[in-house]
Each structure stands twice: as structure tokens, then as C-alpha cells.
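The values are calculated or read from the model by the stated rules, or taken from the named source; none is laboratory data. For clarity, every value in this text was computed on a predicted model and none was experimentally measured. Methodologically, a virtual Cβ is constructed for each residue, glycine included, from the backbone with ideal geometry; neighbour enumeration extends over all protein chains shown.
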Amino acid sequence: MGEPDLVQDTLTIPKDEDYGCKLIHLKVTDQIKELQTILRDKTTSRNEFIFSADRLIRLVVEEGLNQLPYSPSTVQTPTGSEYEGLMFEKGNCGVSIMRSGEAMEKGLRDCCRSIRIGKILIQSEEDTQEAKLFYSKFPSDIHKRKVLLMYPIMSTGNTIIKAVRVLQNHSVELHNIIVLNLFCTPQGVKALKDLKGLKILTSEVNSVAPKHFGMKYFGTD
């Protein structure tokens with residue numbers, strides 16, 4: 001049997017929507033809804049915004065780690081007994097899309113202290129909205145790794161598409177890329193429909209994305 005498209009215990013998705021890619025939607029609990037509300041509220045102070053954003057990022061990162069491969073591992077306990085557990089398989093890395101994606105780096109490092117993180121800078125032309133690559137730096141063996149691509153706000157999908165194409169140019173296969181996202185629009189997700197095998201993990205799909213996220217988080221608003 002092939003890998004299931006959805007993790008049933010952690011997500012929901014409207015059955016009448018066909019996004020093409022593998023959309024993983026966190027189950028909306030009261031806690032997650034509260035965090036989303038705080039982040040969208042224009043009266044939220046910057047300190048509270050960062051605190052709430054970091055909490056939501058952590059929840060998304062934790063679920064993202066569930067999408068990575070594990071292997072059985074038997075260890076000895078302090079009492080001398082054996083415990084049959086799991087360990088991450090080697091070969092994972094993060095890639096943050098600058099600048100807003102850098103807000104998610106701490107959440108990833110809090111969970112995986114030694115994980116390597118690459119960076120990519122993409123900007124869109126104001127007149128054409130065409131996404132252009134300005135900078136990228138990845139681990140030299142990124143083509144062998146599972147990649148957690150970090151980008152908190154996805155509106156049109158153009159930036160993600162460009163970032164994925166850059167990763168593909170470095171021989172990273174689509175099924176090895178997981179997009180970690182906080183908020184995305186239906187338009188943005190549908191724009192990725194041709195990227196078969198790509199996974200997108202998000203906390204919310206909404207027609208209005210909080211585009212102020214990066215400016216508020218880094219204090220440039």
C-alpha cells in the first residue's frame with residue numbers, strides 16, 4: 001500500500017476541495033484558534049505577537065517532525081531492561097525562506113538542536129509578481145535529505161513554487177519536501193497543484209492571510 005495522503009488524527013480538509021498536493025491541516029483546537037485570533041488582532045502588542053507566533057510555530061514544527069521517517073531503536077534503560085522505541089533516520093534539514101521563514105528557525109532548533117538549516121531569498125517584482133531568486137545556501141548533500149521548507153504566510157503560492165524549483169535544481173525530489181506553514185490561502189495551495197508529492201502542513205486555510213506577520217514579528221511595521 002502507498003503512503004496515505006492525510007494523517008487522520010491530526011488534520012481535517014473539506015472533501016469538496018481538490019488541492020492536488022498533499023495538504024496536511026492541523027486539527028483546529030480551541031488553543032490553536034486562540035493563537036490564530038491573537039496573531040490576526042491588530043491590537044496585539046509585539047511581545048504578545050511573538051509569544052503567540054512562537055507557540056503556533058512550535059505546534060506546526062512538532063507535526064512536521066511526525067512526517068519524517070523513523071527507524072526502530074532498542075535502548076538499555078537505567079534499570080538494565082530493554083526498551084523498543086524509535087529514532088529519527090539521519091538526513092533531515094530545514095530551509096527557511098528569508099525573511100519571514102527565519103521566524104520558524106528557533107522552533108525547529110528547539111526540537112532538533114543539531115539540525116542543519118539552509119536559507120533562500122526570493123522576492124517578487126511589484127509589477128509582474130514574478131518570484132525571483134536572489135540568494136540560496138544549502139547543505140552540500142541536500143539532495144539526500146528530507147527538507148522542511150519554512151514559510152509562515154502563503155498567499156499566491158509564487159514564492160513556494162520558486163523555492164521548490166530551486167530545490168529541484170539541487171536534485172531534491174518533491175516527495176522529500178514538506179512545507180511548514182502557519183497561514184495559507186486556497187489560491188496559494190491550488191497554485192501548487194502540479195507539484196505532485198509535495199506536502200504542505202498548515203494551521204489554517206483562509207482567503208485572507210495575515211500578511212503583516214513578518215513585519216510584526218521582526219518589528220519593521
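The table below gives the values:
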item	result
Sole exception among (1) touching a Cys at 6+ places or on another chain (Cβ under 6 Å); (2) outside any helix (DSSP H, G or I) for Val61, by number	(2)
Whichever residue in the range 168-221 is β-branched (Val, Ile, Thr) and in a loop (DSSP other than H, G, I, E, B) and, among such residues, is farthest from Leu39 (Cα to Cα)	Val172
The range 192-204: number of residues that are at pLDDT below 95, among the small types (Gly, Ala, Ser) and surrounded by 13 or more Cβ atoms within 10 Å (Cβ to Cβ)	0
Residues being part of a helix (DSSP H, G or I), farther than 17 Å from Gln31 by Cβ and over 19 Å from the mean Cα position of the chain (by Cα) - total across the range 41-53	2
Leading residue by the ranking (surrounded by the most Cβ atoms within 10 Å (Cβ to Cβ)) among those in the range 171-191 that are in contact with a helix residue (DSSP H, G or I) (Cβ under 9 Å, 6 or more places away or on another chain) and not hydrophobic (A, V, I, L, M, F, W, C)	Asn181
Given (1) exposed (fewer than 11 other Cβ atoms within 10 Å of the Cβ); (2) assigned to a strand (DSSP E or B); (3) polar (S, T, N, Q), number of the condition Ser73 does not satisfy	(1)
Any hit, the range 82-91, residues being without any contact (Cβ under 8 Å) to a residue 60 or more places away in the chain and part of a helix (DSSP H, G or I)	no
Tally, over the range 54-85, of residues that are farther than 18 Å from Gln31 by Cα and acidic (Asp, Glu)	2
Selection status of Gln123, within 18 Å of the chain's Cα centre (by Cα) and free of Cβ contacts under 8 Å to residues at least 12 places away in the same chain	no
Extreme residue, modelled with the lowest pLDDT, among residues of the range 205-221 that are out of contact with any strand residue (DSSP E or B) (no Cβ under 7 Å at 6 or more places or on another chain) and not small (Gly, Ala, Ser)	Asp221
